[in-house]
Each structure stands twice: as C-alpha cells, then as structure tokens.
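Where a number appears in this text, it was derived from the coordinates with a stated rule and is not lab data. None of the values given here were measured: they were computed from a predicted structure. When we count neighbours, we look across all protein chains shown, and the Cβ atoms used for this are built from the backbone with ideal geometry, even at glycine.
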Amino acid sequence: MVTLELIILVCLLLAIISIVWNTLITGISPMMSSGKACQAMLASIDGTVKGPLIDLGSGWGTLVIALARKYPRQQVIGYELSLIPWLVSMIWKYGLQLNNLTLYRKDFMKADLSGASLLCCYLFPEGMLSLEEKLKGELSNEIRIVSNTFALSSFQPIKVTKLNDIYQSPIYLYHWVPR
Ligand SMILES: C[S@@+](CC[C@H](N)C(=O)[O-])C[C@H]1O[C@@H](n2cnc3c(N)ncnc32)[C@H](O)[C@@H]1O
C-alpha cells in the first residue's frame, strides 16, 4: 500500500516538474481558455472556414477539442510542447473519437502553417511577436487569426470582443492579408 502511494506521489511530482519545466521553456503555462473565452473564440469564426484550423499551443485540449466538435468535417490541428497537457488532450481525442483532430507534440514555430485557414492562440506578448515574425515570412494566403487576450502588434483586428469576466479579457479577430 505504501509502495503504491509512493509510486503515485513520484508520478505526481514528475508531472508537476514536467509542467513547470515546459512553462519555463515556452514562456507560458498550459492555462486553459475559460468557457466564456472558448465560446467567444468559436463565435468569432464564421461558418465558411476552408482548410485546416490550428490551435497554436493546444494545452489540455480545451479549445482544440471544441473546434473539432464544432467543425467535424474540417481538419483540426493542435500543436503542444508540454507532455502532460498533450497526453491529456490525446485521451480526450480518442475518448471522443475525434477523427478530424490531429494533436502534434511539437513546437508550432517549427511547423508549416502556410495551408491553414484559421489560427487560434492564447500566448503571451513575446510569443505574439515571434509568431508575427514567423507569419510575415511564411504566409502567402489570407487567413483568420483569433487570439485570446494578446494582440498582434502590427495588425489591426477586424473585431475585438470583450469578455464579461473580471479582466474584461479581449478576444482579437484578425483577417491576415499578406503584404
Ligand atoms: C495558455 S495555454 C493555451 C491552451 C489552449 N490553446 C487554450 O486556449 O485553452 C498556451 C499553451 O501554449 C503552449 N506553447 C507555447 N509555445 C509553444 C510552442 N512554441 N509550441 C507548442 N506549444 C507551445 C504552452 O505549452 C501552453 O500549453
């Protein structure tokens, strides 16, 4: 009995260390979008999306799973570096039999995003700057970008939705047209 408790304790400790380590590496914890934020992000996408929908840093799967359920005929992709949240999202994916959802344990900065029709993110200011540089060099097609809380610095959003939460968190919608 004591051995089992010890094993569980060690597993929990390893999981916490893994999450903290990845938070230090990526610069953001796997904090999930709130229910209100997910709803607002989904609502800001119009119904005519074509091409893959991608969550950049899909965390525990909260948003990417909602996307895959809302758009069962679209290819939905999540990129996540942190092992434990990624494993949990994989369990959800198989549990809910979401065959249109692919979850990569991979750095989205190294992924080819050129074919996407929609990018979703909930990152942090420096992460948004790096993403913006990547998109400027990579995208040659029009694309929608939905960002929870953090804005792109050199683009004007076409819509900003303020959530009814204590921070009045903004949800930014961009229509990215390559310059
Ligand atoms: C705040 S969470 C958002 C999770 C999810 N998108 C949501 O809205 O619920 C941000 C996630 O992005 C991940 N992340 C940050 N930079 C990344 C990168 N370059 N490649 C893959 N994942 C990354 C972090 O590990 C973290 O889990």
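Key figures
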{"quantity": "Residue match in region 143-160 (condition: more than 20 Å from P52 (Cβ to Cβ), charged (D, E, K, R) and either surrounded by 15 or more Cβ atoms within 10 Å (Cβ to Cβ) or over 15 Å from the mean Cα position of the chain (by Cα) (or both))", "calculated": "yes"}
{"quantity": "Hits in region 26-36 - residues which are within 7 Å of the ligand (Cβ to nearest atom) and in a helix (DSSP H, G or I)", "calculated": "T26"}
{"quantity": "Scan of region 60-71 for residues that are in a loop (DSSP other than H, G, I, E, B) and in contact (Cβ under 8 Å) with a residue 40 or more places away in the chain, ordered by number", "calculated": "G61"}
{"quantity": "Residues being more than 12 Å from the ligand (Cβ to nearest atom) and crowded, with 16+ Cβ neighbours inside 10 Å - total across region 57-69", "calculated": "1"}
{"quantity": "L123, sole failed condition from (1) under 15 Å from the mean Cα position of the chain (by Cα); (2) over 19 Å from L63 (Cα atoms)", "calculated": "(2)"}
{"quantity": "Yes/no for G27 being closer than 20 Å to M128 by Cα, within 16 Å of the chain's Cα centre (by Cα) and small (G, A, S)", "calculated": "yes"}
{"quantity": "Of the criteria (1) more than 23 Å from L113 (Cα to Cα); (2) in contact with a Gly (Cβ under 9 Å, 6 or more places away or on another chain), which one S18 fails", "calculated": "(2)"}
{"quantity": "Selected residue (criterion: farthest from the ligand (Cβ to nearest atom)) from residues of region 75-90 that are touching a Pro at 6+ places or on another chain (Cβ under 7 Å) and either in a loop (DSSP other than H, G, I, E, B) or charged (D, E, K, R) (or both)", "calculated": "Q75"}
{"quantity": "Total residues in region 166-179, condition part of a strand (DSSP E or B) and farther than 16 Å from C120 by Cβ", "calculated": "0"}
{"quantity": "Pick from region 30-39, criterion surrounded by 14 or more Cβ atoms within 10 Å (Cβ to Cβ) and under 15 Å from the mean Cα position of the chain (by Cα), ranking: nearest to T161 (Cα to Cα)", "calculated": "A37"}
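Quick grid of which residues meet (1) within 13 Å of the ligand (Cβ to nearest atom); (2) exposed (fewer than 12 other Cβ atoms within 10 Å of the Cβ); (3) in a strand (DSSP E or B):
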position: C11; (1), (2), (3): no, yes, no
position: S18; (1), (2), (3): yes, no, no
position: L24; (1), (2), (3): yes, yes, no
position: M41; (1), (2), (3): yes, no, no
position: V49; (1), (2), (3): no, no, no
position: D55; (1), (2), (3): yes, no, yes
position: R73; (1), (2), (3): no, yes, no
position: N99; (1), (2), (3): no, yes, no
position: L113; (1), (2), (3): yes, no, no
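To keep it simple, each residue is scored yes or no on (1) touching a residue at least 60 places away in the same chain (Cβ under 8 Å); (2) part of a helix (DSSP H, G or I).
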{"residue": "E126", "(1), (2)": "yes, yes"}
{"residue": "E132", "(1), (2)": "no, yes"}
{"residue": "N141", "(1), (2)": "no, no"}
{"residue": "A151", "(1), (2)": "no, no"}
{"residue": "P157", "(1), (2)": "no, no"}
{"residue": "N164", "(1), (2)": "yes, no"}
